[in-house]
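Each remark here refers to the structure printed beneath this line.
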Amino acid sequence: MDIFGFSIQPGERLCRYIKVGELACFSDIRIPLLVARGKTAGPTLWLTGAVHGDELNGLWAMRRFFWDLDLEKLRGILVMTPLLNPLAFLAGNKVSQVDYLDMDQQFPGNPRGLYSERIPYIVFSELKQKADYVIDFHTLGHPYSATPYTVSKIVAGASEETIAKAFAMARVFGVYPNCRVDVASAKGELPGTTSGALDILCMQHNIPCFMAEMGGGGRWDDEAINIAYRGIKNVMLYLKMLDGEYQQPGRQLIITSRGFLRSNSGGLVRMAVNPGTFVKAGELLATVYSFWEELEQLKAEQDVFVIGTRFQPVVSSGDRLAFVGYEWQEMDWGNGNGE
Ligand SMILES: [Zn+2]
């Protein structure tokens with residue numbers, strides 16, 4: 001078994017940097033790789049993080065999980081590429097300042113392309129050959145707070161089995177809100193859902209994949225980190241990569257339509273709601289103020305589930321105030337997951 005050309009034996013851990021480019025100041029651009037191989041054979045679960053450079057909680061959960069893992073109990077291989085976008089990470093931003101491209105819209109990448117196209121090419125070329133399952137860690141951007149949630153997609157070209165497995169993995173991850181996005185009908189719902197996203201490319205290669213969205217960006221959120229840690233473990237129990245029974249999730253919210261609510265004014269926002277709550281039609285979501293006026297009251301036009309809210313109070317017209325679910329159903333485990 002080798003990964004990115006590094007060989008790894010049963011019962012070993014491997015930590016290496018992969019060179020993915022060079023800077024004008026003659027330094028290499030590198031991304032970290034962590035691999036743990038169990039003593040017995042099994043599937044390969046690949047975890048990715050920080051394809052958006054300010055989305056940090058997943059990578060700390062990975063780091064903790066990797067060093068806590070008992071290789072005697074691991075079946076198969078756990079691969080982590082926790083930091084896919086080092087220049088955006090350096091800038092503390094979603095995208096890098098070399099090409100301003102959303103790296104999660106560039107998969108499968110281009111070996112002769114821009115910075116944000118080359119890393120997807122290097123990583124995806126290896127991942128598509130080696131991974132049986134993928135979890136892609138994100139957060140909302142650094143101006144937002146959010147309740148942890150998952151996203152699994154229905155992708156044309158993926159088998160029914162792949163779609164069902166990705167959905168089941170997302171639910172076993174264990175958080176209450178789970179977005180289920182039909183890519184064919186979700187065009188324009190969110191940037192990045194329709195092409196070039198890592199999870200969509202994985203699904204098209206019949207590698208079940210979901211996105212774990214772990215709170216807000218640009219800072220540690222220990223609750224989200226702990227949820228991510230338990231989520232990785234429960235998915236591995238579910239995939240029989242660890243001994244023991246996985247914990248069946250309780251009743252979950254399956255969100256099938258979502259969107260952003262935006263400010264129409266420029267000023268200072270005070271949010272009236274918290275992430276992870278239901279808001280009824282007509283209830284106040286946020287108020288935007290100038291220094292002597294109330295400029296705008298944003299009220300829910302229909303019942304919504306609040307996934308994320310603005311954390312950073314300075315807003316211009318068009319800025320996002322909240323990310324909400326519009327349509328959902330509650331589902332018990334055993335319903336619609338092929339179990
Ligand atoms: Zn992201």
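In region 205-218, of all residues being at pLDDT 95 or above and in a loop (DSSP other than H, G, I, E, B), the one that is nearest to the ligand (Cβ to nearest atom) corresponds to Met214. For Gly49, indicate whether it is at positive phi and touching a strand residue (DSSP E or B) at 6+ places or on another chain (Cβ under 6 Å). For Gly49, the condition - at positive phi and touching a strand residue (DSSP E or B) at 6+ places or on another chain (Cβ under 6 Å) - is not met. Of the residues making up region 78-108, those that are hydrophobic (A, V, I, L, M, F, W, C), in a loop (DSSP other than H, G, I, E, B) and within 14 Å of the ligand (Cβ to nearest atom) are Leu83, Leu84, Val95, Leu101, Phe107.
The residue that is nearest to Cys202 (Cα to Cα), among those in region 126-141 that are assigned to a loop (DSSP other than H, G, I, E, B) and within 11 Å of the ligand (Cβ to nearest atom), is Thr139. Residue check: Phe167 meets all listed conditions (1) in contact (Cβ under 8 Å) with a residue 24 or more places away in the chain; (2) of a type in the set (Phe, Trp, Tyr); (3) not in a helix (DSSP H, G or I) but one, namely (3).
Each residue in region 142-160 was checked for being in a loop (DSSP other than H, G, I, E, B), at pLDDT 95 or above and surrounded by fewer than 21 Cβ atoms within 10 Å (Cβ to Cβ), and 1 of them qualify.
Condition test on Glu72, is it on the phi < 0 side of the Ramachandran plot, assigned to a loop (DSSP other than H, G, I, E, B), over 24 Å from the mean Cα position of the chain (by Cα) and touching a residue at least 24 places away in the same chain (Cβ under 8 Å)? Judged against the criteria, Glu72 is a match. Residue count for region 145-155 under the criterion of being closer than 14 Å to Cys202 by Cα and in contact (Cβ under 8 Å) with a residue 40 or more places away in the chain: the result is 4. Name the one entry in Asp28, Asp54 that is within 16 Å of the ligand (Cβ to nearest atom) and in contact with a Lys or Arg (Cβ under 7 Å, 6 or more places away or on another chain). Just one listed residue meets the conditions, Asp54.
The values are calculated or read from the model by the stated rules, or taken from the named source; none is laboratory data. These numbers were taken from a predicted model, which means no experiment stands behind them. Every residue, glycine as well, gets a Cβ built from its backbone with ideal geometry; the counts of neighbours run over all protein chains shown.
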